[in-house]
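Here the structure comes first, spelled out in structure tokens, and everything after it is commentary.
What follows draws every value from the coordinates through simple rules; no lab data is involved. Quick caveat, the model's predicted, so the values are computed rather than measured. As a convention, Cβ positions derive from the backbone with ideal geometry for all residues, glycine included, and neighbour counts pool all protein chains shown.
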């Protein structure tokens with residue numbers, strides 16, 4: 001279904017507005033460097049501060065520019081089920097191939113509420129669904145038994161999981177309960193271990209900045225060449241950490257602005273451009289990764 005290096009794309013802004021030209025150039029660069037799928041309007045894409053029109057336009061531009069070369073997994077989640085349904089339908093119209101649906105944030109629904117929320121969406125949408133569990137941001141945890149039950153109810157619809165819980169034991173639990181579920185990491189530093197347990201890729205922050213290196217890492221890990229994968233992982237690891245040296249995606253956007261004069265470091269409040277200390281961490285990590293600006 002999905003595998004390999006999948007960036008949660010940063011959304012470029014210029015003077016407060018979505019920079020469509022930069023986004024199209026960014027997508028082409030990603031695909032040319034081995035990215036296996038694209039995620040517009042994820043957390044790294046600052047979906048929380050895109051208005052609805054922008055959200056739908058970003059997805060449409062991504063799908064149009066990808067032009068079938070790779071799959072587009074559109075961020076369509078919300079803490080309001082009806083808004084998530086609207087985003088999902090707009091994503092399908094725009095040409096997305098799948099939906100990334102985050103656990104409803106702030107509301108703190110029960111597991112019964114999560115089952116009801118995702119079941120409602122699965123019953124009313126046509127695109128495959130990737131569940132997104134990131135309890136550190138949503139304060140809501142899609143527990144393994146809920147993931148397994150959702151896949152059991154909708155085996156051809158709820159097809160994948162992006163897990164950013166940090167609990168690698170869940171990979172085994174998910175495999176035992178839902179062996180056909182496509183498991184993707186949401187934590188760049190844990191990907192190498194995740195491959196050994198049964199994950200098949202990562203929806204990544206770091207891949208925004210070094211897509212070729214990330215693609216090479218995933219190819220090595222997927223083929224079982226863990227010696228090469230470990231070597232690449234050690235080049236990537238400082239950059240994984242630097243991507244969160246300040247509030248994301250400010251470090252990623254800073255790194256991209258170092259690489260390309262057409263990619264602005266601009267972020268939207270309440271995120272601010274990263275601190276001098278974070279910039280230094282990114283600079284050092286880029287050098288260790290063999291990337292020159």
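Values computed for the structure shown
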| quantity | calculated |
| --- | --- |
| Whole-angstrom gap from segment 166-244 to segment 7-70, using each part's C-alpha centre | 22 |
| Calculated FRET efficiency for the pair residue 153/residue 15, C-beta based, R₀ 35 Å, to 0.05 | 0.15 |
| Relative contact order %, the chain, counting alpha carbon pairs below 8 Å whose residues are six or more apart | 18 |
| Compactness of segment 154-293, expressed as Rg and Dmax over alpha-carbon positions, Å | 16.3, 48 |
| Sum of -39500 (n - 2.57) over DSSP H runs of 4+, divided by residues of the chain (222 nm, nearest 500) | -14500 deg cm²/dmol |
| Within the chain, percent of DSSP bridges classed antiparallel, to nearest 5 | 10 |
| Segment 1-157, relative contact order [Cα under 8 Å, separation at least 6], % | 18 |
| Segment 247-293 shape via C-alpha gyration tensor axes, a/c threshold 1.5 | oblate |
| Mean projected area in nm² (Cα convex hull; one quarter of hull surface) for segment 1-133 | 7.8 |
| Set of segment 60-88 residues, backbone N closer than 20 Å to the point 7 Å along the Cα-Cβ line of residue 25 | 61-67 |
| Stretchable slack from residue 167 to residue 69, in nm (0.36 nm times residue separation minus alpha-carbon distance) | 32.0 nm |
| Separation in nanometres of the label points that stand 7 Å from Cα toward Cβ, at residue 93 and residue 107 | 2.2 |
| Coordinate range along principal axes, alpha carbons of segment 4-223, Å, largest first | 43, 41, 28 |
| Burial ordering of 124, 25, fewest other beta-carbon atoms within 10 Å first | 124, 25 |
